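See structure below.
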Amino acid sequence: PFYPRSPYACAKVYAHWQTINYRESYGMFACNGILFNHESPRRGETFVTRKITRAIARIVAGQQKKLYLGNLDSKRDWGYAKDYVKAMWMMLQQDKPDDYVVATGETHSVKEFLEIAFKYANLDWDNYVEFDKRYLRPAEVDILIGDPTKTKQKLGWEPSVTFEELVALMVEADLQALGLSSANGKSTKPLNDQAYIRQGVATMVD
């Protein structure tokens, strides 16, 4: 069952039932994609994942000294945005409309994301991350994890990268956006798409 914890979440639940209503009442081919957190180098810089990877690049470049975050124990089911867009397209290729959960089926904490991201850049996150209560949410969701079984079985969909690979490609993208070479001497595995990121005058290819 849905339990929205923000005005944004409430709006998504409303949209979900409106979609079902139009499908059942007017015969429209309308699908709901219930997408859990999906990330990429294009993620907005105010979101915690991109805030972390961009800060790492700036720290390596000598442009930033500290990263301020809130709750590090929050857990999320993080996937790669490219994979989730593919799932959306696959929904629309079916003979009948339906609703699908798009997720990895794994959950990881913000702290795990931090550890993997900073390690990729050969940094110890403890030396740079500080707690700031301003980033605590009034109605925090402690854990989110989705069950993509139906999506995998009916659509044949599978995530293309692991959580660790997702974190690495995001750090790599932000390093390259600032004109920095890979921190560990090797870039992440090449991807089929290209994602362009601008930071100042720098442009990189994911």
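Quick notes
- Yes/no for residue 129 being under 30 Å from residue 62 (Cβ atoms) and β-branched (Val, Ile, Thr): yes
- Here residue 81 clears all of (1) touching an Asp or Glu at 6+ places or on another chain (Cβ under 9 Å); (2) within 30 Å of residue 97 (Cα to Cα); (3) loosely packed, with under 15 Cβ neighbours inside 10 Å except the condition numbered (3).
Let's see how each residue does on (1) under 27 Å from residue 116 (Cβ atoms); (2) touching a residue at least 60 places away in the same chain (Cβ under 8 Å):
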residue	(1), (2)
10	no, no
14	no, no
22	no, no
26	no, no
31	no, yes
36	yes, yes
39	yes, yes
50	yes, yes
57	yes, yes
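- Wholly within segment 43-129, helices (runs of 4 or more DSSP H) carrying at least 3 residues that are at pLDDT 95 or above and β-branched (Val, Ile, Thr): 48-60
- Summed over segment 7-44, the residues that are closer than 30 Å to residue 128 by Cα and exposed (fewer than 13 other Cβ atoms within 10 Å of the Cβ) give a count of 1.
- Complete set of residues in segment 143-181 that are assigned to a loop (DSSP other than H, G, I, E, B) and crowded, with 22+ Cβ neighbours inside 10 Å: 148, 159
- Considering only residues in segment 182-206 that are assigned to a loop (DSSP other than H, G, I, E, B) and among the β-branched types (Val, Ile, Thr), the one that is modelled with the highest pLDDT turns out to be 188.
- Of the candidates 50, 58, the single residue that is of a type outside the set (A, V, I, L, M), buried (at least 20 other Cβ atoms within 10 Å of the Cβ) and out of contact with any strand residue (DSSP E or B) (no Cβ under 7 Å at 6 or more places or on another chain) is 50.
- Within segment 18-38, one or more residues are under 22 Å from residue 81 (Cβ atoms), at pLDDT 95 or above and in a helix (DSSP H, G or I).
- Residues that are farther than 25 Å from residue 18 by Cα, within 12 Å of the chain's Cα centre (by Cα) and not β-branched (Val, Ile, Thr) within segment 84-111 comprise just one, 108.
- Subset tally (residues that are farther than 26 Å from residue 105 by Cβ, small (Gly, Ala, Ser) and within 21 Å of the chain's Cα centre (by Cα)) for segment 1-39: 0
The values are calculated or read from the model by the stated rules, or taken from the named source; none is laboratory data. Please read all numbers here as calculations on a predicted model, not as lab measurements. Neighbour counts are summed over all protein chains in view; Cβ atoms, including those assigned to glycine, are modelled from backbone coordinates with ideal geometry.
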